[in-house]
Amino acid sequence: MEIWRWDRFFEVWPYIGEGLVTTITYTLLGSVVAYVLGLIFAVVRQLRIPVVDQILWGFIEFVRSTPLLVQVFFLFHVLRPELLSGTGVDLSTQRLIVGTAAVGIHYACYTSEVYRAGIEAVPRGQWEAATALSIPGMRVWTGIILPQAVPRVLPALGNYTIAMFKEVPLLFTIGVLDIVFYVKTVFASDVGGAGPEAWFAAGLTFLALSYPCSLLVRRLERRVGTV
Amino acid sequence: MIRFDNVVKRFGDLTVLEDLNFSVTPGEFVCLIGPSGSGKTTILRLLMTLEKVTEGTIYVEGRPLSHMDRNGSLTPADEKYLREARKTIGMVFQQFNLFPNMNVLRNVTEGPIRSLGKSRDEAEQKAKELLELVGLSDKLTAKPGQLSGGQQQRVAIARALAMEPRGMLLDEVTSALDPELVTGVLHLLKDIADSTDITFLCVTHEMQFARDVSDRVMMFDSGRVLEDAAPEKLFTDPDHERTRGFLHAVLDRA
Amino acid sequence: MFDNFDIYLDRILLGLPATLWAVFGGIGLTIVLSFAAGIGLLSPRRWVRIPVRVYVEGFRGSSEIVQLFFFAVALSIFLGIPLAATPLNALMIGIMVLGLNHGSYGAEIVRGAVQSVPRAQHEGAVALNFSPAQRMWRVLLPQAVVEMLPSLNNLFIQLVKGSALLSLIAVPEMTKKADELRAIPAFAQDLWMIYLTLLVFYFVISVGITWIMRLLETLAAARVGRPIPSREKALARGGAA
Ligand SMILES: Nc1ncnc2c1ncn2[C@@H]1O[C@H](COP(=O)(O)OP(=O)(O)OP(=O)(O)O)[C@@H](O)[C@H]1O
Ligand SMILES: [Mg+2]
């Protein structure tokens, strides 16, 4: 068998296109979960509630130290049958829920660290001035602390979205129809096997999207600084 | 207005305030002087409830600051009680601590709207008057970052006044300013002190200012009030050798 | 409830050697590539810098999973047999991809750390008439190492997590061994236990690596006399993305 087939290299692109939409959808939805949940984690940890703080810290460390792939298996094969089976939600929606939740929670454990650094970079005097003016707790966060913390964390959040984009493909293991699924399964069965040229094309696709994005993030970093 | 009753403050092993007793009557202008590290800032921060007392009680307008009276027994104050207590007192910080994400007007209206529950119109009306008073009517929409240090400090003063406090705490409000800006801010404070009946507790190294405006000066050392007297007496004929030494050191430097 | 627990444990332990080989082989290769490429990125010569830049951006930008399939498929076509039939080859490919991928991230860590050494140190070395190689090895790198250890720690944990992907190219490592149990109906109600135990195994490996890295940080910081930046700080900047 030939190692490299140019005809296959050109034939694979429509398949990649099909999967790319799904990959991007999951990345964006996962990012929303990671941005919101990470912020909640960071704020809750900042409140330093005994017990809650230690539990959350342990959870974050554990999730960050273990493979996303196994976490996906756990959510899909253990939690999903418990929580979603029999709810009438169809399987592809269940995949969407499990996939975005898994990716979103995993990356929330990273973004919470980003927010935390952003919040800690806000000078103590800002908290004290807010106290001196008796501004209520909720408003201190939404009006004073977060508006100063968030712009500085944007580049780091962007970096994590890019990382997520490159990790979302592992969701093909639970049947998500992304790029890897299309190349490995659909394209392979149509032409009788996906060779290195098909995977090279898939790799190029990821590169072509993530490289310009990281250049943009670097420019943003120069504009707003880093945490 | 303000009374410290056997107040002790420790940070870990370090005792900063030792069995402190003093009081300030309504409408008085009291200056706190003393060497660096003697605990002056700590007193103001305790009053603003930015720190908790270790022992003893602070009373503001007769009510204990750290405890509240619940069905006749004293219980530790909760956040709601503290927020009520803080409304009586305003504070101006050495580093201004303006909110950089809000313009000048918003900085001044934020407190009245959020904690006093005033309407936006009413708060802005009042804020404009105060900014007029501190001479910054033309900077309403500027961000703090676009102002000089002196201008920022004047906004901070307007911001504290907007809360209509009955007591004002000033912590070395001119020490972060360039020398040529100091006089303007001090003049402003003197005018405010003369034209209102707000009680002032003011930490300063500006001895001339202390002498000009205060009703009483307290010399502070190692967590105790060393001397408490009218300015004329304290600056010309202090009772303690330590006070004399301190005044010499400060005045020589100036 | 825990009747079959020792079956599961045995099963995961069966995959442990392959995982450890992948992790430590991958880390070894990552270190070599990180330093080689990191120093290459700092080279004054364009014909060195450009190919290294292509390697770094190429592997950082395309997905690790895709890289795994690319090399796995290429090798099995080259050998003419499916990779699953030769687990050792699969493991080799796995180690290679883990190393190449994380080496490209590591290169940026090394470059950044060397560049963060104060300019005065560089000039001091010039004044002592050190050759460029001596400047790098005797002055800049020893100081930069302190700076890069926390980021490398994060990178190695990233690699531990990435090693689970080798299950997808038929390497008989822990995740593959554990996941094979899913096919057996009798174990279906114990899946939670199987996956949690598996996660704990990975957690222990990650914690072990962090522990070793902390030790190295303390040693390195003492030798260079500089404080160590924290691992969390490195994560807060967007990690190895
Ligand atoms: N949060 C804190 N934790 C530990 N020690 C503190 C803290 N705040 C203040 N201190 C200590 O308390 C002592 C008094 O500090 P304080 O700021 O009240 O002094 P000060 O009289 O305002 O001095 P200065 O004139 O320099 O402003 C100092 O020794 C200081 O180190
Ligand atoms: Mg002070």
Whole-percent carbon and sulfur contribution to the accessible surface of chain B (1.4 Å, no ligands, DNA or RNA) stands at 45 percent
Low-density loop chymotrypsin sites (Phe, Trp or Tyr not before Pro), the range C:1-106, at most 15 other Cβ within 10 Å, DSSP non-H/G/I/E/B, are C:Phe2
Quick calc, the protein assembly as shown, dipole around Cα centre from Cβ unit charges on Lys, Arg (+) and Asp, Glu (-), nearest 20 debye, gives 1700 debye
Interface residues of the range B:72-101, defined as losing at least 20 Å² of accessible area versus the chain alone with a 1.4 Å probe, are B:Arg83, B:Arg86, B:Phe93, B:Asn97, B:Phe99, B:Pro100, B:Asn101
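When a/c reaches 1.5 or more, the comparison of a/b and b/c decides; with that in mind, is the range B:100-164 rounded, prolate or oblate per its Cα gyration tensor?
prolate
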With 0.36 nm assigned to each residue of separation and the Cα-Cα distance removed, B:Glu61 to B:Glu164 gains 35.6 nm
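Taking square-rooted eigenvalues a ≥ b ≥ c of the alpha carbon gyration tensor, is chain B rounded, prolate or oblate, where a/c under 1.5 means rounded and, failing that, a/b exceeding b/c means prolate?
Working: a/c = 1.91, a/b = 1.15, b/c = 1.66.
Because a/c hits 1.5 or more and a/b fails to exceed b/c, chain B counts as oblate.
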In the protein assembly as shown, taking the dipole from +1 charges on Lys and Arg beta carbons and -1 charges on Asp and Glu beta carbons about the Cα centre, the listed residue (A:Trp6, B:Pro231, B:Cys202) farthest towards the positive end is A:Trp6
Taking Cα pairs closer than 8 Å and at least 6 residues apart, the relative contact order of chain B in percent is 26 percent
Expressed as a whole-number percentage, the relative contact order of the range B:177-235 with C-alpha contacts under 8 angstrom and at least six residues apart is 21 percent
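Over chain C, what relative contact order in percent results from Cα pairs under 8 Å that are six or more residues apart?
Once normalised by length, the contact order is 29 percent.
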Note: probe point = Cα of A:Ile3 + 7 Å toward Cβ; backbone nitrogen < 12 Å; residues of the range C:94-120 passing the test are none
In terms of the charge dipole of chain A, which places +1 on Lys and Arg and -1 on Asp and Glu at the beta carbon, the residue among A:Pro212, A:Phe76, A:Leu170 farthest towards the positive end is A:Pro212
For chain C, the helices passing both cut-offs (Cα extent along own axis of 18 Å or more, Kyte-Doolittle mean at least 0.0, full DSSP H runs) are C:5-41, C:64-79, C:87-116, C:141-163, C:191-224
The answer for B:Met68, listing residues at least 5 apart or on another chain whose modeled amide H is closer than 5 Å to its amide H, is B:Thr75, B:Ala77
The range B:189-223 and the range C:135-187 have their Cα centres apart by a whole-number Å value of 64 Å
For the B:Ser195, B:Lys80 Cβ pair and Förster radius 35 Å, calculated FRET efficiency rounded to 0.05 is 0.60
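Can you tell me what percent of all Cα-Cα pairs in the range C:88-165 are more than 16 Å apart? Mind dumping the intermediate values first?
On the way: 1740 of 3003 pairs.
Summing the P(r) tail past 16 Å for the range C:88-165 gives 58 percent.
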Of the candidates C:Thr197, C:Val23, C:Ala125, the farthest towards the positive dipole end of chain C (Lys/Arg Cβ +1, Asp/Glu Cβ -1, centred on the Cα centre) is C:Ala125
Counting only protein heavy atoms and rolling a 1.4 Å probe, one gets per residue an accessible area for the protein assembly as shown in Å² of 44 Å²
When C and A pair up, the total accessible heavy-atom area removed from solvent (1.4 Å probe), in Å² to nearest 100, is 4000 Å²
Row for the range B:12-69, column shape: gyration tensor on C-alpha, a ≥ b ≥ c, rounded if a/c < 1.5 i.e. under 1.5, prolate if a/b over b/c, else oblate; value oblate
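The values are calculated or read from the model by the stated rules, or taken from the named source; none is laboratory data. These numbers were taken from a predicted model, which means no experiment stands behind them. Cβ atoms come from the backbone with ideal geometry, glycine included; neighbour counts cover every protein chain shown. The area values use the complete protein model at the heavy-atom level, side chains included, leaving out ligands, DNA and RNA. Shrake-Rupley method; radii C 1.70, N 1.55, O 1.52, S 1.80 Å.
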